[in-house]
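Undergrad: There's a structure below that I have some questions on.
All of the numbers you see were taken from the coordinates with simple rules; none came from a lab. As the structure is a prediction and not an experimental result, all values here were calculated from the model. Here the Cβ is made from the backbone with ideal geometry for all residues, glycine too, and neighbour counts use every protein chain on show.
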Amino acid sequence: MVGISSVLGHDFGLRRTFALVRLVQVGAILAGTFWRTWVWPAGGSGGIWGDVVGSFLWTLLVAVTAILVWPQLRHTIERFVKNHFEDLKGHISGHHRAVEELRDHLLGHQVSHADELRELRRRIDHVIQHHPDIPPLPETDEARDR
């Protein structure tokens, strides 16, 4: 039987032979991962320094393009904002006016309801005080505060 143990000239035994094979496989995987990640990445730029130089070149290209395109782009953005958001601003201010009118209306109702409640309380108190069948109410803290 020809195996790794006979090739190397040692008789390791079957268990040790499989352990050696696994060790070589793990080493190959680690070496391949190191090579793919650090030495020759997917972009083929040539390692860390190649990535740094490539990133610098892309940044430079984007910066030059942005400087050349920005005035036209800024004008387009300003026109878009002016056209679309002015209508929205008017729409929102209309809603604010409606909410303020509703609030004022409700406050007016609140005042009139409070006046009606005071009048009803005065009438009920009068009925309670002058009706012969109703005993007088015990004085409460609220009645003392009035």
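Undergrad: Take ARG79 and ARG15, extend 7 Å from each Cα along the Cα→Cβ direction, and tell me the distance between the two endpoints in nm.
TA: Using points 7 Å along Cα→Cβ, the separation is 8.1 nm.
Undergrad: Put +1 on the Cβ of every Lys and Arg and -1 on every Asp and Glu Cβ in segment 47-135; which of PRO132, LEU68, GLY90 then has its Cα farthest towards the positive end of the dipole?
TA: Farthest along the dipole direction, towards plus: LEU68.
Undergrad: At R0 = 35 Å, how high is the FRET efficiency between VAL62 and THR37 if r is their beta carbon distance? Nearest 0.05 is fine.
TA: Values: r = 25 Å, r/R0 = 0.73.
Given R0 = 35 Å and the Cβ-Cβ separation, E is 0.85.
Undergrad: Cα-based Rg (one decimal) and Dmax (whole number) for segment 47-135, in Å?
TA: 35.0, 105
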